[in-house]
1. Tell me, yes or no, whether the stretch 9-19 has at least one residue that is over 20 Å from the mean Cα position of the chain (by Cα), exposed (fewer than 10 other Cβ atoms within 10 Å of the Cβ) and not aliphatic (A, V, I, L, M).
2. Cβ-Cβ below 7 Å, separation at least six or inter-chain, first residue in the stretch 3-19 and closer than 17 Å to Lys38 by Cβ, second at pLDDT 95 or above and not acidic (Asp, Glu): which pairs?
3. Can you tell me which residue in the stretch 43-74 is farthest from the chain's Cα centre (by Cα), limited to those that are closer than 30 Å to Phe33 by Cα and assigned to a helix (DSSP H, G or I)?
4. Given Ala58, Ala34, which one is of a type in the set (Gly, Ala, Ser), out of contact with any Pro (no Cβ under 8 Å at 6 or more places or on another chain) and modelled with pLDDT under 90?
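The values are calculated or read from the model by the stated rules, or taken from the named source; none is laboratory data. Everything numeric in this text was worked out from a predicted model, so none of it was measured. When we count neighbours, we look across all protein chains shown, and the Cβ atoms used for this are built from the backbone with ideal geometry, even at glycine.
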Amino acid sequence: MGSAIVNVRLDSETQQAMKALCKELGISMSAAFAMFAKTMVRERRIPFEVTADPFYSAQNLDHLRHSVAQLDSKDAHPHELIED
């Protein structure tokens, strides 16, 4: 089986931190990425939990837009705790 070169873009801070951790673990960054790829292929999934920040959900963003529209409306009644 031959090898292929894969380029990965990382910000320099992440790259340096990963390089240091790989050195600590006694492996190269190439070996770490190969382990990730092989685990992903073998398990047919990303081998860690990937979640989205619920703040940016469509439902929450719609709610925020609605709230802003209410505040911007000329008919808005100020909240009793907000001073003029």
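1. If we filter the stretch 9-19 for residues that are over 20 Å from the mean Cα position of the chain (by Cα), which is where we start, we get 19.
Restricting the remaining residues to those that are exposed (fewer than 10 other Cβ atoms within 10 Å of the Cβ) gives none.
Within the stretch 9-19, not a single residue is over 20 Å from the mean Cα position of the chain (by Cα), exposed (fewer than 10 other Cβ atoms within 10 Å of the Cβ) and not aliphatic (A, V, I, L, M).
2. The qualifying pairs are Val8/Phe33.
3. The initial filter retains those residues of the stretch 43-74 that are closer than 30 Å to Phe33 by Cα, namely 43-54, 56.
Remaining after also requiring assigned to a helix (DSSP H, G or I): 43, 54, 56.
On the way: Glu43: 21, Pro54: 12, Tyr56: 12 Å.
Residue satisfying both the conditions and the ranking: Glu43.
4. Working: Ala34 fails: modelled with pLDDT under 90.
Unique residue meeting the criteria: Ala58.
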